1. Go through region 157-186 and report how many residues are within 14 Å of residue 209 (Cβ to Cβ) and in contact with a strand residue (DSSP E or B) (Cβ under 7 Å, 6 or more places away or on another chain).
2. Please list, ordered by first then second residue, the pairs with beta carbon atoms under 9 Å, 6 or more apart or interchain, first in region 176-199 and closer than 15 Å to residue 217 by Cα, second aromatic (Phe, Trp, Tyr).
3. Of all residues in region 71-96, which are surrounded by 13 or more Cβ atoms within 10 Å (Cβ to Cβ), at pLDDT below 90 and more than 17 Å from residue 111 (Cα to Cα)?
4. Hey, could you check region 61-81 for residues that are assigned to a loop (DSSP other than H, G, I, E, B) and polar (S, T, N, Q) and say which is nearest to residue 294 (Cα to Cα)?
5. With the structure loaded, tell me whether residue 217 is surrounded by 18 or more Cβ atoms within 10 Å (Cβ to Cβ), acidic (Asp, Glu) and within 16 Å of ligand 2 (Cβ to nearest atom) or whether it fails that test.
6. Identify, by number, the condition in (1) in contact with a Ser or Thr (Cβ under 7 Å, 6 or more places away or on another chain); (2) more than 16 Å from ligand 1 (Cβ to nearest atom); (3) more than 22 Å from residue 136 (Cα to Cα) that residue 233 doesn't meet.
7. Can you pull out the residues in region 262-280 that are away from ligand 1 (no atom under 16 Å from the Cβ) and not in a loop (DSSP other than H, G, I, E, B)?
8. As an exercise: evaluate residue 39 against (1) within 16 Å of the chain's Cα centre (by Cα); (2) among the β-branched types (Val, Ile, Thr); (3) farther than 22 Å from residue 128 by Cβ and give the number of the one condition it does not meet.
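The values are calculated or read from the model by the stated rules, or taken from the named source; none is laboratory data. Model, not experiment: these values are computed from the prediction. Glycine also receives a Cβ, built like all others from the backbone with ideal geometry; neighbour counts cover every protein chain displayed.
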Amino acid sequence: MIKHLRSAADLDADTATLILDTAGEMAALAGREVKKLPTLRGRTVVNLFYEDSTRTRISFEAAAKRLSADVINFSAKGSSVSKGESLKDTALTLQAMGADAVVIRHPASGAPHRLAQWVDGSVVNAGDGTHEHPTQALLDAYTMRSRLGKIDGLRVAIVGDVLHSRVARSNVLLLTTLGAQVTLVGPPTLIPVDIAAALSPATKVSYDLDSVLPEADVVMMLRVQTERMQDSYFPSAREYSRRYGLDAPRMRKLPEHAIVMHPGPMNRGMEIAPEVADSTRSTIVEQVANGVSARMAVLYLLLGGKA
Ligand code: ASP
Ligand code: CP
């Protein structure tokens, strides 16, 4: 088993499948009255969050607690980071406290790689800048497999602000490793030249959402990340929505069995219409629940558990 999960590229098909299978076993636990396993008793998991998060932070905490680990939650807000303390010194402090795993979210791409040089425990990337979010890709793959029965051969459209999306990067890497066919869709300004080829040569690019929908088994809508935008990438929110938003008439172009995903948080009314987000095709709430199982599987396997 790998020691760190810094990128979805750390996962070959066998390791990714082992994590998804283990997540399935962890999910079975969620239906029980007592949701805890004693597996990580005596181990310490530190959640180190330098960037805001709702789903990822809460689900890593729930995952570690369900495995009976001791959990320390560190949020940069309210810490000595405001006094200028560096990531390295913070890491050494955590090291002194004996962290077996450090889960990190950070605005700088590559922060988990640096952290792994400074701590002895496992490092798990919970989102670094615009780079990667590998556990999101795992929970997304888990959701696709549980809804559609497989990943190999699935046609997945990832739509919207690809430029700023660590979710898109990790999903392209993981899904292509598992045999899915990915098409990135969005305005040319938000799909960096060569990104698809750089991530995986089989990945396609389209600027026309309407022509991709009838051929998709999965459509994954991405949030327009205005907080990361310094320039204007499209004429107006309304224009963006008209061309790349998923509303009910557009959703009807999908095949009968196709599902609609979104990592959250959503800009309802912009990239996704409320009636689509709340429809039976939407897996958005399920993705959050699956996030706990996928993160339990990651912590369990990285910290030495067996399938
Ligand atoms: N929550 C995801 C992330 O942190 C996606 C998003 O923010 O749009 O990358
Ligand atoms: N999907 C996701 O990473 O959500 P948060 O930013 O709320 O953690």
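1. If we filter region 157-186 for residues that are within 14 Å of residue 209 (Cβ to Cβ), which is where we start, we get 157-162, 183-186.
Keeping just the survivors that are in contact with a strand residue (DSSP E or B) (Cβ under 7 Å, 6 or more places away or on another chain) gives 157-160, 162, 183-186.
The qualifying residues number 9.
2. Matching pairs, first to second residue: 185/207; 185/244.
3. Scanning region 71-96 gives a single hit, 79.
4. To start, the set of residues in region 61-81 that are assigned to a loop (DSSP other than H, G, I, E, B) comprises 67-69, 76-79.
Of the ones still in play, those that are also polar (S, T, N, Q) are 68, 79.
Values: 68: 16, 79: 29 Å.
Looking at the filtered set, the residue picked out is 68.
5. Values: surrounded by 18 or more Cβ atoms within 10 Å (Cβ to Cβ): yes; acidic (Asp, Glu): yes; within 16 Å of ligand 2 (Cβ to nearest atom): no.
So residue 217 fails the test.
6. (2)
7. Kept after step one, since they are away from ligand 1 (no atom under 16 Å from the Cβ), are these residues of region 262-280: 273-276, 278-280.
Those that are away from ligand 1 (no atom under 16 Å from the Cβ) and not in a loop (DSSP other than H, G, I, E, B): 274, 275, 276.
8. Failed condition: (1).
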